[in-house]
Amino acid sequence: MTQTVNEDSTGRSSSTAVLIATALTLFSMFFGAGNLIFPPIMGASAGTNFAPAMVGFLIGSVALPVISIITIALSGTDMRDLVSRAGSAFGLVFSVLVYLSIGAFYALPRTAAVSFSTAVVPIIGTKSLVASVVFCLVFFGVAFYLCWNPGNIIDSLGKVLTPILLGLLVLLVFLCLASLPASHDAPTGEYASTPLAAGLLEGYMTMDSIAALAFGIIVVTSLGHTGGGIGAKVVRRTSTAAIIAGALLAVVYVGLGLVGHVIPNAQSYTDGATLLADAAQMTMGWPGQIVFGLIVLTACMTTAVGLIAATSEFFHRLVPAIPYRTWMIIFTIISFVLASAGLNSVLAIAVPIITFLYPIAIAVILITITSHPLRLATPALWTFRLGTWVAAAWSALTTLAQVGVATDAINAALAWSPLQALQLGWILPTVVAAAIGACIDAAALRRSA
């Protein structure tokens with residue numbers, strides 16, 4: 001009996017350790033350079049309206065990504081299968097665009113480019129092409145090595161790199177809050193009149209909800225292979241890991257926001273990287289520059305590892321004839337070339353695509369979650385289809401207007417929807433369309449009964 005108890009206890013302990021490591025891995029995948037520099041600028045701009053602005057920011061940057069992970073767990077599928085409820089072609093095109101935009105054609109090369117410009121250039125004093133190529137070669141070489149065996153990603157990120165990142169962040173935030181005086185600056189811009197909405201939009205623009213749809217299947221698969229079992233047990237454990245990761249993100253975001261809130265002349269800064277670099281130097285002297293560089297480098301590396309793994313796994317599922325590691329090589333080389341040469345050429349293409357995809361991703365997430373009880377009795381296909389199609393159509397029109405195609409005509413046609421000026425006009429028509437779809441699904445259920 002004693003032996004059985006010890007085995008059970010050991011099993012539970014191991015299971016808990018895997019869950020915590022998975023949560024830390026998920027945190028590290030989300031927390032890239034953009035997540036590092038958004039909160040301090042928001043804290044500086046919000047001034048005395050810091051609290052409501054931060055609440056809005058946390059809704060957009062934490063709550064939505066956590067819900068995204070839970071959505072993938074509930075569906076038990078990857079993003080393509082989930083979105084294909086709106087049509088197989090729709091699901092394929094949407095998924096491919098998402099993985100390419102968060103992968104080799106934008107977010108992946110950005111991790112190396114931001115690391116070089118923010119963490120390395122201030123120390124070596126040059127941004128030459130040779131220096132950029134050498135750094136990117138080393139950066140992607142390390143990321144490639146960490147991704148070589150996808151089963152070891154949780155060990156690499158959750159047990160090694162993420163604790164280092166969290167320790168450095170805690171050090172920076174603690175020293176800033178302990179040594180810098182509190183700020184009483186007046187809020188600026190939208191933070192003066194609508195701080196909650198302004199913070200929500202800032203969090204919304206982190207784009208982590210799209211990344212969560214991509215990362216979710218990695219978490220589900222990992223927990224399914226490490227004692228998590230199947231079905232409800234994996235959903236519960238995945239949801240727990242997502243909530244833990246979300247809580248860590250929230251604490252870090254609040255801390256970084258407070259750094260921007262307390263640093264002297266906060267509103268003179270135009271970007272979060274410079275603000276944090278100065279805060280580190282004010283509180284730690286010249287070693288602060290090293291500490292900040294390590295924070296940026298670690299944050300970008302963990303995100304790069306997650307993106308390479310998620311993108312390669314998706315395309316391997318899509319084209320099984322090409323092995324996972326071959327896809328790794330392809331995407332790592334593309335990312336290396338783009339990061340070494342600079343990102344200006346791809347930004348003009350990538351940003352409109354991401355802007356187009358984001359409303360669709362959020363519609364998919366929220367409709368899947370809210371219609372889950374209905375799906376116990378019916379597939380709720382029309383709820384999903386109408387809501388998703390309307391979100392896609394509205395987002396396509398908005399994106400066309402932003403890139404200069406029939407701008408005046410489109411803006412005039414879409415202006416009736418609330419929050420359109422904040423790029424959130426798609427919400428109301430999507431809700432209405434999903435509600436109409438739910439009525440169609442409910443009527444079909446009554447007829448079949």
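In segment 397-414, which residues are surrounded by fewer than 15 Cβ atoms within 10 Å (Cβ to Cβ) and either more than 20 Å from residue 361 (Cβ to Cβ) or touching a residue at least 60 places away in the same chain (Cβ under 8 Å) (or both)? It would help to see each step written out before you state the result.
Applying the first criterion (surrounded by fewer than 15 Cβ atoms within 10 Å (Cβ to Cβ)) to segment 397-414 yields 403-409, 412-413.
Correct list: 404, 405, 406, 407, 408, 409, 412, 413.
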Residues (not charged (D, E, K, R) and not in a helix (DSSP H, G or I)) located in segment 46-100
76, 77, 87
Give me a count of the residues in segment 131-163 that are modelled with pLDDT under 70 and open to solvent by 20 Å² or more (accessible area, probe 1.4 Å).
6
Which residue out of 297, 249 is assigned by the TED database to the domain that holds residue 40 and either of a type in the set (Lys, Arg) or more than 17 Å from the chain's Cα centre (by Cα) (or both)?
297
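Determine, yes or no, whether residue 108 is closer than 27 Å to residue 293 by Cα, assigned to a helix (DSSP H, G or I) and within 14 Å of the chain's Cα centre (by Cα). So that I can check it myself, show each step before the final result.
Numbers: closer than 27 Å to residue 293 by Cα: yes; assigned to a helix (DSSP H, G or I): yes; within 14 Å of the chain's Cα centre (by Cα): yes.
For residue 108, the condition - closer than 27 Å to residue 293 by Cα, assigned to a helix (DSSP H, G or I) and within 14 Å of the chain's Cα centre (by Cα) - is met.
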Applying the selection to segment 435-445, what residues are farther than 21 Å from residue 396 by Cβ and open to solvent by 20 Å² or more (accessible area, probe 1.4 Å)?
435, 438, 439, 440, 442, 443, 444, 445
Restrict the check to segment 199-210 and report whether at least one residue is modelled with pLDDT of 90 or more, in contact with a Gly (Cβ under 7 Å, 6 or more places away or on another chain), open to solvent by less than 50 Å² (accessible area, probe 1.4 Å) and not aromatic (Phe, Trp, Tyr).
yes
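Here is a list: 318, 275, 366. Which entry is out of contact with any helix residue (DSSP H, G or I) (no Cβ under 6 Å at 6 or more places or on another chain), more than 22 Å from residue 161 (Cα to Cα) and assigned by the TED database to the domain that holds residue 134? Step through it out loud before you land on a result.
Details: 275 fails: out of contact with any helix residue (DSSP H, G or I) (no Cβ under 6 Å at 6 or more places or on another chain); 366 fails: assigned by the TED database to the domain that holds residue 134.
From the options 318, 275, 366, the qualifying one is 318.
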Considering segment 40-95, residues that are over 17 Å from residue 367 (Cβ atoms) and among the aromatic types (Phe, Trp, Tyr), and then whichever is surrounded by the most Cβ atoms within 10 Å (Cβ to Cβ), we arrive at 57
Looking at (1) in contact with a helix residue (DSSP H, G or I) (Cβ under 6 Å, 6 or more places away or on another chain); (2) open to solvent by less than 20 Å² (accessible area, probe 1.4 Å); (3) assigned to a helix (DSSP H, G or I); (4) modelled with pLDDT under 85, which one does residue 228 not meet, given that it meets all the others?
(3)
Just wondering, is there one or more residues in segment 415-434 that are touching a Gly at 6+ places or on another chain (Cβ under 8 Å), part of a helix (DSSP H, G or I) and open to solvent by 50 Å² or more (accessible area, probe 1.4 Å)?
yes
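The values are calculated or read from the model by the stated rules, or taken from the named source; none is laboratory data. Note that this is a predicted model, so its numbers are computed, not measured. Positions of Cβ are backbone-derived with ideal geometry, glycine not excepted, and every protein chain shown enters the neighbour counts. To get the accessible areas, we keep the full protein, side chains included, count just its heavy atoms, and leave off ligands, DNA and RNA. Shrake-Rupley method; radii C 1.70, N 1.55, O 1.52, S 1.80 Å.
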